[in-house]
Amino acid sequence: MNEFDLPIRPRRNRRSEAIRGLVRETRLSPSQLIYPLFLHEDKTDTALESLPGQTRWSLDGLTKEVARAHKLGINAVVLFPKVPDAKKNPTGDECWNDDGLIPHAIKAIKETVPGVAVITDVALDPYNSDGHDGIVRDGVILNDETVDVLCKQALCQARAGADIVAPSDMMDGRVGAIRAALDDDGFTDVGILSYAAKYASAFYGPFRGALDSAPKAGDKKTYQMDPANAREALREAELDEAEGADMLMVKPAGPYLDVISLLRDFSSLPIAAYQVSGEYLMIKAAAKSGWMDERAAVLESLTGVARAGADMILTYFAPQAAEWLS
Ligand code: PBG
């Protein structure tokens, strides 16, 4: 006898893990995770204080870590260099040095773990003595002069063997300019993962600590987006798609799930989301203090980002999550 005369009971589909597995709408797989890695010119690896569990790798340590992650099912990495102050200048010229750290790292990964897709960051902040993603003159970020250097940077990365270049600088017109520069030099197969909607976020704090790349003066609000805006993300995405982006990114991920969903609905391009350093650190810190279960929180946060519409997720948890998923 049905006490409440209730013919429809959604809980029936949640009765057991077997049934929950059948009706699950979002499935995470290691193949959709991208592992961001920090590197430096030193010969030894350095644990990062601002990002517990993450390391600034030597070239040797880097290739070993990429190989370890690949064995766990991670097929893509993105690289971030820490550049010595002596190699920084206002125009960030070290970013297009064919003998620089990033070209060497790309080649080393391609030699030792050829099955891994190498994605490279296109922006001047690790190389720029002002700590900005663009060239600064009298306190102003110069858009078009920056784009010229970004094209040189993307070409340098392509020459070294990068599979995908990822402009994270938020200058206007850079996707089209980079596409044209790559095509002119015969790199028609190198893809562009555009940081289409990158917000001026407090959640990047630990990353800037890891690379010592915080702006020396001012903030990034004249190029990164206002966290209050979603329609503007559509406008940025529309432009990047028209300019030839192959994939679009939203960054950060967790506080911007609505933006991920919006771009998913609007565009047929693959959508990436970046679970940034501050999102990572929040989970790490809560787990360390014993107030949250790390494994459950990590997998829930990644599932939420995928459910919102992200096809791929950049996360510092990538190898650990891959291990948990298999
Ligand atoms: C800069 C860049 C940043 C991150 C990736 N690329 C920081 C910034 O814009 O200041 C942040 C990533 C993270 O916080 O994990 N081009």
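The values are calculated or read from the model by the stated rules, or taken from the named source; none is laboratory data. Computed from a predicted structure; not experimentally measured. All Cβ positions, even for glycine, are placed from backbone atoms using ideal geometry, and neighbour counts span all protein chains on display.
Here are some notes:
- Matching residues in region 180-201 - criterion: being surrounded by 23 or more Cβ atoms within 10 Å (Cβ to Cβ) and touching a residue at least 40 places away in the same chain (Cβ under 8 Å): Ile192, Leu193, Ser194, Tyr195, Ala196, Ala197, Lys198, Tyr199
- When region 103-130 is filtered for residues that are touching a residue at least 60 places away in the same chain (Cβ under 8 Å) and assigned to a helix (DSSP H, G or I), only Ala105 remains.
- Matching residues, region 131-150, being part of a helix (DSSP H, G or I) and within 16 Å of the ligand (Cβ to nearest atom): Asn143, Thr146, Val147, Val149, Leu150
- So Val23, is it aliphatic (A, V, I, L, M), in contact (Cβ under 8 Å) with a residue 24 or more places away in the chain and either within 16 Å of the ligand (Cβ to nearest atom) or out of contact with any Pro (no Cβ under 6 Å at 6 or more places or on another chain) (or both): no
- Boolean, Arg15 is within 25 Å of Ala273 (Cα to Cα) and among the basic types (Lys, Arg): no
- Check on Gly134, of a type in the set (Gly, Ala, Ser) and touching a strand residue (DSSP E or B) at 6+ places or on another chain (Cβ under 7 Å): yes
- Exactly one residue among Pro215, Pro206 is touching a His at 6+ places or on another chain (Cβ under 7 Å), over 26 Å from Asp265 (Cα atoms), surrounded by 14 or more Cβ atoms within 10 Å (Cβ to Cβ) and of a type outside the set (Lys, Arg), and that residue is Pro215.
- Tally, over region 3-62, of residues that are loosely packed, with under 10 Cβ neighbours inside 10 Å, part of a loop (DSSP other than H, G, I, E, B) and not charged (D, E, K, R): 5
- When restricted to residues that are under 18 Å from Ala321 (Cβ atoms) and more than 16 Å from the ligand (Cβ to nearest atom), region 261-288 contains 3.
- The condition of being of a type outside the set (A, V, I, L, M) and either modelled with pLDDT of 95 or more or more than 13 Å from the ligand (Cβ to nearest atom) (or both) holds for only one of Arg208, Arg231, that being Arg231.
- Subset of region 163-187 [touching a Phe, Trp or Tyr at 6+ places or on another chain (Cβ under 9 Å) and more than 15 Å from the ligand (Cβ to nearest atom)]: Asp172, Ala181
- Residue in region 188-205 that is nearest to the ligand (Cβ to nearest atom), counting only those that are out of contact with any Lys or Arg (no Cβ under 8 Å at 6 or more places or on another chain) and within 19 Å of Tyr280 (Cα to Cα): Tyr204
- Condition check for Gly218: within 16 Å of the ligand (Cβ to nearest atom), at pLDDT below 95 and under 17 Å from the mean Cα position of the chain (by Cα): no
- Subset of region 164-179 that is surrounded by 19 or more Cβ atoms within 10 Å (Cβ to Cβ) and among the charged types (D, E, K, R) - its residue that is modelled with the lowest pLDDT: Asp169
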